[in-house]
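Structure first, commentary second.
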Amino acid sequence: AAPGDRFTAPTIEYAQLAPVLVIVIGAVLGILVEAFVPRKARYHAQLLLTVVALAAAFAAVISLAAGGYATTKAQIAAMGAIAIDGPTLFLQGTILLVAVVSVFTFAERRLDPTAHGNRV
């Protein structure tokens with residue numbers, strides 16, 4: 001190989017990418033729960049896993065914001081693939097909070113006893 005053909009290993013800032021990585025790991029674990037947990041326990045396991053993953057990702061966003069990445073330490077991570085700055089952290093936090101509300105909305109399993117005035 002020619003001297004100019006050397007491979008440069010990518011630099012990945014895992015701490016700055018923690019909110020995204022936590023959600024990806026939670027999604028993979030959710031697939032494993034769906035595949036291997038018995039049907040009776042699956043609902044509660046999925047709900048617990050989802051809420052824990054969203055809370056951990058939100059904690060990572062808060063940690064990054066408190067660490068100064070929202071202001072002075074803003075940077076481009078993963079070799080220019082993603083920006084870690086104030087607007088990014090704000091949007092990630094907002095999306096995570098909306099996701100928690102959505103999960104609890106979908107987790108509701110009771111029926112309204114009267115739907116549109118008719119007894120169910």
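The values are calculated or read from the model by the stated rules, or taken from the named source; none is laboratory data. Bear in mind that the values here come from a model prediction, so they are computed numbers and not experimental data. Heads up, the Cβs are rebuilt from the backbone with ideal geometry, glycines too, and the neighbour counts pull from every protein chain shown.
Values for this structure:
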read-out	value
Count of the stretch 68-82 residues which are without any contact (Cβ under 8 Å) to a residue 60 or more places away in the chain and surrounded by 15 or more Cβ atoms within 10 Å (Cβ to Cβ)	3
Flag if Ala57 is outside any loop (DSSP other than H, G, I, E, B), among the aliphatic types (A, V, I, L, M) and buried (at least 16 other Cβ atoms within 10 Å of the Cβ)	yes
Qualifying residue in the stretch 27-35 (condition: surrounded by fewer than 12 Cβ atoms within 10 Å (Cβ to Cβ), at negative phi and among the β-branched types (Val, Ile, Thr))	yes
Thr50 being over 26 Å from Val98 (Cα atoms) and either under 17 Å from the mean Cα position of the chain (by Cα) or in contact (Cβ under 8 Å) with a residue 40 or more places away in the chain (or both)	no
Leu48 vs. criteria loosely packed, with under 13 Cβ neighbours inside 10 Å and among the aliphatic types (A, V, I, L, M)	yes
Exclusive hit being among the small types (Gly, Ala, Ser), under 12 Å from the mean Cα position of the chain (by Cα) and under 20 Å from Tyr14 (Cα atoms), set Ala70, Ala56	Ala56
Any hit, the stretch 98-118, residues being over 14 Å from the mean Cα position of the chain (by Cα), surrounded by 12 or more Cβ atoms within 10 Å (Cβ to Cβ) and basic (Lys, Arg)	no
When residues of the stretch 70-115 are limited to those that are of a type in the set (A, V, I, L, M, F, W, C) and in a strand (DSSP E or B), the one nearest to Ala27 (Cα to Cα)	Ile82
Residue within the stretch 1-15 that is surrounded by 11 or more Cβ atoms within 10 Å (Cβ to Cβ), in a helix (DSSP H, G or I) and not hydroxyl-bearing (Ser, Thr, Tyr) present	no
Number of positions in the stretch 1-37 that are modelled with pLDDT under 90, of a type outside the set (Ser, Thr, Tyr) and closer than 19 Å to Ala74 by Cα	1
Tabulated pairs, the stretch 32-45, first within 18 Å of Phe106 (Cα to Cα), second surrounded by 11 or more Cβ atoms within 10 Å (Cβ to Cβ) and modelled with pLDDT under 95, C-beta under 9 angstrom, 6+ apart or interchain	Tyr43/Ala107
